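Since the structure comes first, as structure tokens, the remarks are kept for the end.
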Amino acid sequence: MSEDDGQRPSISRRAAMATVSVAAMGGLAAAMWPRTPRSRRSIPPGRTVVDYWEKWTGAEGDAIQHVVDGFNESQNRIWVRRTAISEIDTKAMVAIGGGDPPDVCGVFSYNVAQYAQSAAAIPLSELGRIDTAIYAPAVRDLLCFRGKHIAAVSSLYSLALYYNRAMFREAGLNPDAPPRTISELDAAAEKLTIRDASGAIVRAGLLQNLPSWWPYSWPVMFGGNLYDPQSNAAEFASDATIKAYEWVQSYPRRMGVKETAVFGTAYDRSFHSPQDPFISGRVAMIVQGPWLANFANRYNPALDYAAAPLPVDEAIYNQNEPVGMLEADVLVIPRGAKQPEAAFQFVAYTQTQEVQEQLAREHTKSSPLARCSPAFFDGHANKYVRVHDAITKSPRVQILPQTAVWKSYAHLTEGAFDAAWKGANVREICIAVQQRAQAMMDRDALLRAKREAPTAS
């Protein structure tokens, strides 16, 4: 059966009936975890080779190589061969369309809907069983699409407010009482900002264009949503979202459009380096992911900083239920993989508690699992990992829209952010984004309905 006839290729009964006990494999993970990453050129004879494409390099690449090495040494039947691939989500889809994909691919959680709808990934439930109850509820939602378990998690991330404690003390602020609300955040940012005699910004208290990587996240801080999955509707013109973008716009309006743009763009290539604006002390507060701890530990270990949940609009503040946006790096088994059963064995291994917690510790991130072992937080390289853990498990955490057009929708939010920063009418911007995003969703739904419609015999 080919892809061209509009039906999904079948898989073997052996694959469909295969099961793996994740709990049973967990003991091997702890015992076999190598101390240093290995890059063995020769593959032991008799092993089934599983080709694994992953995006990570550097320290993060070393961490996932630890996982690969641990699996390779835990048994003598399968050998996983990892290859670092840039622009992996695009290249993987090309490889799948060309009939020559890897056996395992590390993509992003926002790819799950696209891979599921286009049958580009084999649902894990067709190959075996990984109990989705092991994940925190929001993580489970990231990995599943329309009731099918499509992906496994490799690394999880949420955003938090990182702030410089020393600068707080210097400005007369309590370093043990970070901003909880938007008004407190604005007041702190004003106190922490320093200008020179010419008016140029020397140090920013906070700027939302540092970095400008997640313009879609600001509405969450005001109670806004991006998407209604029940009606497949874009939501970007709500009062909460408009209020969020008006708040974003207030910073360049108050501090100067040109000045804030110049200051922000000066660090476009400096993130995660010694010149990172937060690590180097050029910005006192920044909204960032848990990986920031890894780079701070490496480039400025003496940095006195802390992290806290994102400040929110006063109307939605609840100290016990932090808000945030949850994203993940995920593993999928592409349709057309040469070794799907062996690939599933590796993927199942990566979901054991020992492996997940070790990888999360090396990435300075929180665990995606519903329960953490007592030792997980002890000595964690991110001293504030509990902040991210609380966001992950909060009933108010959101995941990215599970729609195949999310990347295009996200690009629209980038344009909206830039336009708002330059002073355009926020309400008009938000309405335009919602209308364009909805048109893309409607078009995608129409095409999907045509693909799924039964053909006349």
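Observations
- Residue in region 394-409 that is part of a loop (DSSP other than H, G, I, E, B), of a type in the set (Phe, Trp, Tyr) and over 16 Å from VAL330 (Cα atoms) present: no
- Residue among ARG146, ARG195 that alone is over 30 Å from SER280 (Cβ atoms), charged (D, E, K, R) and out of contact with any Pro (no Cβ under 9 Å at 6 or more places or on another chain): ARG146
- Scanning region 227-244 for residues that are within 16 Å of ALA420 (Cβ to Cβ), hydrophobic (A, V, I, L, M, F, W, C) and either under 21 Å from the mean Cα position of the chain (by Cα) or not in a loop (DSSP other than H, G, I, E, B) (or both) gives PHE236, ALA240, ILE242, ALA244.
- Subset of region 77-92 (residues that are part of a helix (DSSP H, G or I), buried (at least 19 other Cβ atoms within 10 Å of the Cβ) and in contact with a helix residue (DSSP H, G or I) (Cβ under 8 Å, 6 or more places away or on another chain)): none
- Residue list for region 153-175, restricted to those being surrounded by fewer than 22 Cβ atoms within 10 Å (Cβ to Cβ) and in a helix (DSSP H, G or I): ARG165, ALA166, ARG169, GLU170
- Selected residue (criterion: surrounded by the fewest Cβ atoms within 10 Å (Cβ to Cβ)) from residues of region 310-367 that are within 23 Å of the chain's Cα centre (by Cα) and among the basic types (Lys, Arg): ARG361
- Inter-residue pairs, beta-carbon under 9 Å, first outside any helix (DSSP H, G or I) and in region 61-75, second modelled with pLDDT of 95 or more, 6+ apart: GLN75/GLN345; GLN75/TYR349
Each row is one residue, and each column tells you yes or no for (1) touching a strand residue (DSSP E or B) at 6+ places or on another chain (Cβ under 8 Å); (2) assigned to a helix (DSSP H, G or I); (3) closer than 23 Å to ILE391 by Cβ.
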{"position": "ASP268", "(1), (2), (3)": "no, no, no"}
{"position": "ALA302", "(1), (2), (3)": "no, no, no"}
{"position": "ASN320", "(1), (2), (3)": "no, no, yes"}
{"position": "TYR349", "(1), (2), (3)": "no, yes, no"}
{"position": "VAL355", "(1), (2), (3)": "no, yes, yes"}
{"position": "GLN358", "(1), (2), (3)": "no, yes, yes"}
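- Taking region 176-207 as the range and being within 16 Å of TYR163 (Cα to Cα), in a strand (DSSP E or B) and in contact with a Phe, Trp or Tyr (Cβ under 8 Å, 6 or more places away or on another chain) as the test, the residues that pass are THR181, ALA204.
The values are calculated or read from the model by the stated rules, or taken from the named source; none is laboratory data. Everything numeric in this text was worked out from a predicted model, so none of it was measured. When we count neighbours, we look across all protein chains shown, and the Cβ atoms used for this are built from the backbone with ideal geometry, even at glycine.
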